[in-house]
Amino acid sequence: MLEDRVPITTERSFNVEWGTFEASAPVTLALELRDFMENETGLEYIGSRRQQLGDGGAIAQFKDAATGELIAVTSEEWRCKVVQRAPLDEACEFESSPEVDQGACRQETAQVPEGWNQPGFDDSAWPVATLYSSSDVQPKRGYHQVEWDPSASFIWGPDLKKDNIVLCRLTIGG
């Protein structure tokens, strides 16, 4: 329904997106969250002096466009499934020629479940989102442009640095 207008390959520490959509309750919010990685090693800036593990984190709030009423925020109510984690060994960060699924640069992947973003999908077996503070995530440009509701938290998988693709869902008004 909504897609980030900024390509994932654009270097940014924080990206702000706004959008509107029409929906009737119950509403399923489904987010495919991605941290930038040059390849499936999970590393950024491969071959440069800045070669490193990335770090994720996502925060969102949803308001009724007509009234401004807060409808949902990212919180412990969300369920999130990690579908790509890498590198499994942080020593990969220091390899001069890191290769996908070689040595310290192995990855762990899970199948993206069919229909995961549809209202009837059963996410009850998914873990609850892991919450992070803004000091954990350290967002920069863009984060302070938004007046965040105090109940909104950064969410991600259990490992802020190694979890690179995370599917998160919340159904509201059911």
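Evaluated against (1) exposed (fewer than 13 other Cβ atoms within 10 Å of the Cβ); (2) farther than 27 Å from Q118 by Cα, A65 falls short on exactly one condition, (2). Taken over the stretch 15-52, the criterion of being in contact (Cβ under 8 Å) with a residue 60 or more places away in the chain and either among the hydroxyl-bearing types (S, T, Y) or in a loop (DSSP other than H, G, I, E, B) (or both) is satisfied by N15, V16, A25, P26, T28, D35, M37, N39, E40, T41, G42. Only residues that are at negative phi, not β-branched (V, I, T) and not in a strand (DSSP E or B) were counted across the stretch 123-174, and they come to 30.
The sole residue among E99, E108 that is touching a helix residue (DSSP H, G or I) at 6+ places or on another chain (Cβ under 7 Å) and surrounded by fewer than 17 Cβ atoms within 10 Å (Cβ to Cβ) is E99. For the stretch 162-169, state whether one or more residues are surrounded by 17 or more Cβ atoms within 10 Å (Cβ to Cβ), basic (K, R) and in contact with a helix residue (DSSP H, G or I) (Cβ under 9 Å, 6 or more places away or on another chain). Yes, the stretch 162-169 has at least one match. Within the option set E114, E77, E99, being in a loop (DSSP other than H, G, I, E, B), in contact with a strand residue (DSSP E or B) (Cβ under 7 Å, 6 or more places away or on another chain) and at pLDDT 95 or above holds for one residue only, E77. Counting only residues that are among the charged types (D, E, K, R) and over 26 Å from I46 (Cα atoms), the stretch 94-122 holds 2 of them. Just so you know, in the stretch 150-161 the residues that are exposed (fewer than 14 other Cβ atoms within 10 Å of the Cβ) and in contact (Cβ under 8 Å) with a residue 24 or more places away in the chain include one that is farthest from E17 (Cα to Cα), and it is P158.
Can we say E147 is loosely packed, with under 14 Cβ neighbours inside 10 Å and either over 23 Å from I59 (Cα atoms) or touching a residue at least 60 places away in the same chain (Cβ under 8 Å) (or both)? Criteria not met by E147.
Return yes when L131 is in contact with a Gly (Cβ under 8 Å, 6 or more places away or on another chain) and hydrophobic (A, V, I, L, M, F, W, C) and no when it is not.
no
Rundown of residues vs (1) within 18 Å of the chain's Cα centre (by Cα); (2) modelled with pLDDT of 95 or more; (3) not aliphatic (A, V, I, L, M), yes/no style:
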residue	(1), (2), (3)
F36	yes, no, yes
Y45	no, no, yes
D55	yes, no, yes
E69	no, no, yes
A86	yes, yes, no
E90	no, yes, yes
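The values are calculated or read from the model by the stated rules, or taken from the named source; none is laboratory data. Here the structure is a predicted model, which is why all the values come from computation and not from measurement. Reconstructed Cβ throughout: ideal geometry from the backbone, glycine too, with neighbour counts over all protein chains shown.
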